[in-house]
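> Structure incoming, see below.
The values are calculated or read from the model by the stated rules, or taken from the named source; none is laboratory data. Every value quoted in this text rests on a predicted model; they were computed, and no experiment measured them. Virtual Cβ from ideal backbone geometry, glycine too; neighbours counted across all protein chains shown. Accessible surface areas use protein heavy atoms only, side chains included; no ligands, DNA or RNA. Shrake-Rupley method; radii C 1.70, N 1.55, O 1.52, S 1.80 Å.
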Amino acid sequence: MYKLWATILKDVRILLRDKPGLLFMFGMPILLVLVITTIQNSTFDLVSKNKVPLLLCNRDTGAASRQLIQAIDKIDMFRLINLPKDETGKDITGRMHSKDALLAMIIPPDFSTKIDAKARKIAGKALNTFGLEGEKGAAGEDSVEPIDLYYHPILQQSFRSSVQGALYSALQLVESRQILRTLYFSINEKQLPDSLEKDLLHNNLSINEIPVLLDNSRPLPNASQHNIPAWTVFAMFFIVLSLSGSIVREKLNGSFIRLKTLPTHYILVLLSKQVTYLGVTLIQAAIIFAIGVWIFPYMGLPALNLPSDISGLFFVSLLCGWCAVSYAICIGVFARTQEQANAFGAVSIVILAAIGGLMVPSFAMPGSFRTLIKISPLHWCLEAYYGLFLEGGKLKDVLMNIIPLVIIAVTLQLATLWGLRQKKLI
Amino acid sequence: MNQHDEQTETFAVEVEDLGFSYPGQPGRYFSHFNLKIAVAERFGLFGPNGAGKTTLLHLMTGLLSSREGTIRILGKEIKKDNQSARRFFGFVPQDFSFYEELSPRENLEFFGAWSGLKGVEIRKRTTELLEILDLTDVRDKQAQQFSGGMKRRLNLAIGVIHQPRVLFLDEPTVGVDVQTRYAIVNYLKELNRKGTTLVYTSHQLAEAEELCEKIALMDKGTLVAHDDLQKLLAEHRQEGLEGLFLTLTGKNYGNDHV
């Protein structure tokens, strides 16, 4: 026990004197969590609080285009910037390149006429179907010339889809209103009353969003609840660079030769590193969670709500840390040079994070990847954390995520022992 | 074997019928090699580069292991009873074998614990060694700031923290100034006077002449000569070890083992 204590003390001293290493282990993850949460939060704010700037060039002079603009404005998603009607497509793309806006829309000159013609034709068809005298052979086209929507290539498909959805609903409203008005006028030879129009067009059913939580007292999940657990796991596993590098360095430098001639098992070196770096991972998690709880609100970011089962959170963090340390030690034992350990360690963690669902949610992955997910320890760590942070579960609720994590950690430990024997280190 | 048996051993190191070759490399390094080093002897192992000195030292300290033959340190077989054998000897490798991020005190505390010492004993030995090797003033400074000479003295201090009965030294004074060499050699003589067996290898032949009373000259994994230094000098009509060395191992270049 004294030897283990002395070895831990040695590792802690070396660790504390490695300032760049400390910055890498503690500073980088904090920065990572901060940057990603801020970005994700601002993306969320972009569509909820901040409005998306939309350049609008209305070349039409009719009522339908004005109604369309009103409908778009009412969606409350866009900040409309009106452009002169003679603005060319080239001018507009020029403005977009200078980042005035990421979206631009051109309403064609005959938009209202064509909407009107289409409404009359559909109304006529409808009246005929009802057995009433409709406007026979109403001239008009079924289709209206499409509205051009310019977007900056940096906008992701998911964001473009939500913009398109919003614009379609505005268009639909304009079209439906025109058809209703025409239909009503054809039957009653007077204007559609405003109150009826409102009832017909604006009586939307609302959607009530209900998060599926195990603990009903929890507030709604936010960007912090999603990002902090995910990037804490990433940070824990990223100690692979420091830990595996330290093992390789120790194997290659002179102290290793001396250690092998002393009456103590080399396994103690690895045991000490496990204890020391497990402590590092727990401190990492504690610091990141504390920042989420107490610092984020001062930065305008949503506060992290800790799970109600704090002992469960500690146990899950302990297991995640143990798995991360086991992975790093395994790499350190097998790597021959520090370059090998660093390159393999860094790349493999990014891959395991990607397939583990840290970057793209696992439910959005293609079928073949869903099997691959299971080999990533980061996936099980993340699932266990999400069970506590997002679903409001307790330790018993995340047992099914902990079991695979333990299996992976034990497998890594056995592989390490095998590697040590192969290399005649024990 | 109890403490009494250890004290009554005649030989500090016994190498019997040793055979060794590096895996994946042609040729044998040692074949039916035998060597005995008496307790409390100041023994020097010399030879050109590639003669097998470091390999033999690594076999004796258990860093390498051989399937053929036996090596005993104070009666304990290094292969079968390595944990016991390791308690008896200390090793001062040619490369600096300590943590440069740590201070001399911290290095001695750590290696002291690994050598089987406990708290009070470690502190006592640390103070003694730092004083003897003139490192007290820098006891809490990180070793990476040290000069080559200070690092050599620390390297030696770590090797003797547990007061080993046999001390293996691989080029313990390489790259140091005259003062440091003088201090190290004197300290080694002092240790020997207290009963520590020294097994020493170096290319510093003048220093070796001063330190060693018995020597073995090796070439290509075999013993060319093994006797009292003075006796060998007289026998081969040489005035110094350098002349004896060239006479017995030739004037051609030695090739380091690759």
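> For segment B:149-166, which residues satisfy the criterion of being within 14 Å of chain A (Cβ to nearest Cβ) and within 20 Å of B:GLU101 (Cβ to Cβ)?
B:LYS151, B:ARG152, B:LEU154, B:ASN155, B:LEU156, B:ALA157, B:ILE158, B:GLY159, B:ILE161
> Are there any pairs, at least 6 apart or on different chains, whose C-beta atoms fall under 6 Å, with the first in segment B:216-232 and at positive phi and the second open to solvent by less than 40 Å² (accessible area, probe 1.4 Å) and at pLDDT 80 or above, and if so, which?
If the second residue must be open to solvent by less than 40 Å² (accessible area, probe 1.4 Å) and at pLDDT 80 or above, the pairs left are B:GLY221/B:PHE30; B:GLY221/B:GLY52.
> Moving on. Taking only segment A:10-34 into account, find how many residues are among the aliphatic types (A, V, I, L, M) and open to solvent by less than 70 Å² (accessible area, probe 1.4 Å).
Number satisfying all stated conditions: 9.
> Looking only at segment A:185-202, count every residue that is free of Cβ contacts under 8 Å to residues at least 12 places away in the same chain and open to solvent by less than 50 Å² (accessible area, probe 1.4 Å) and tell me the total.
Here the count works out to 0.
> Looking only at segment B:136-151, which residues are modelled with pLDDT of 90 or more and either crowded, with 24+ Cβ neighbours inside 10 Å or in a loop (DSSP other than H, G, I, E, B) (or both)?
Residues satisfying the conditions are B:ARG139, B:ASP140, B:LYS141, B:GLN142, B:PHE146.
> Also, I was wondering about something else. Run down B:PHE20, B:PHE89 and say which single residue is more than 30 Å from B:VAL185 (Cβ to Cβ), of a type in the set (Phe, Trp, Tyr) and surrounded by 19 or more Cβ atoms within 10 Å (Cβ to Cβ).
B:PHE20
> Return a yes/no flag: does segment A:129-140 have any residue that is modelled with pLDDT of 80 or more and assigned to a helix (DSSP H, G or I).
Yes, there is a match, as at least one residue in segment A:129-140 is modelled with pLDDT of 80 or more and assigned to a helix (DSSP H, G or I).
> Taking the options A:LEU180, A:LEU167, A:LEU155, A:LEU173, name whichever one is in contact with a His (Cβ under 9 Å, 6 or more places away or on another chain) and open to solvent by less than 70 Å² (accessible area, probe 1.4 Å).
Result: A:LEU173 is the single residue among A:LEU180, A:LEU167, A:LEU155, A:LEU173 that is in contact with a His (Cβ under 9 Å, 6 or more places away or on another chain) and open to solvent by less than 70 Å² (accessible area, probe 1.4 Å).
> Which of the residues that make up segment A:236-271 are of a type in the set (S, T, N, Q) and closer than 14 Å to A:ALA324 by Cα?
Of everything in segment A:236-271, those that are of a type in the set (S, T, N, Q) and closer than 14 Å to A:ALA324 by Cα turn out to be A:SER242, A:SER244.
> Also: Among the numbered conditions (1) open to solvent by 30 Å² or more (accessible area, probe 1.4 Å); (2) assigned to a helix (DSSP H, G or I); (3) facing chain A (nearest Cβ under 8 Å), tell me where B:THR127 comes up short.
(3)
> Still on this structure: Name the one entry in A:VAL293, A:VAL275 that is in a helix (DSSP H, G or I), β-branched (Val, Ile, Thr), within 25 Å of A:CYS320 (Cβ to Cβ) and more than 20 Å from the chain's Cα centre (by Cα).
A:VAL275
> Of everything in segment B:61-80 that's among the charged types (D, E, K, R) and within 22 Å of B:SER21 (Cα to Cα), which residue is farthest from the other protein chains (Cβ to nearest Cβ)?
The selected residue is B:GLU68.
> Among the residues of segment A:265-276 satisfying the criterion of being within 14 Å of chain B (Cβ to nearest Cβ) and out of contact with any Ser or Thr (no Cβ under 8 Å at 6 or more places or on another chain), which is surrounded by the most Cβ atoms within 10 Å (Cβ to Cβ)?
Of everything passing the filter in segment A:265-276, A:THR276 is surrounded by the most Cβ atoms within 10 Å (Cβ to Cβ).
> Find the helices (runs of 4 or more DSSP H) located wholly in segment B:159-258 whose residues include 3 or more that are under 20 Å from B:ALA12 (Cβ atoms) and not basic (Lys, Arg), and list them.
Filter on segment B:159-258 gives B:178-193.
> Among the numbered conditions (1) under 20 Å from B:VAL224 (Cα atoms); (2) in contact with a His (Cβ under 7 Å, 6 or more places away or on another chain); (3) outside any strand (DSSP E or B), tell me where B:LEU64 comes up short.
Condition not satisfied by B:LEU64: (1).
> Among residues belonging to segment A:6-43 that are of a type in the set (Lys, Arg) and touching a Phe, Trp or Tyr at 6+ places or on another chain (Cβ under 9 Å), point out the one that is nearest to the other protein chains (Cβ to nearest Cβ).
That would be A:LYS10.
> Identify all residues within segment B:96-120 that are within 11 Å of chain A (Cβ to nearest Cβ) and surrounded by fewer than 15 Cβ atoms within 10 Å (Cβ to Cβ); write none if there are none.
Selection gives B:LYS118, B:GLY119.
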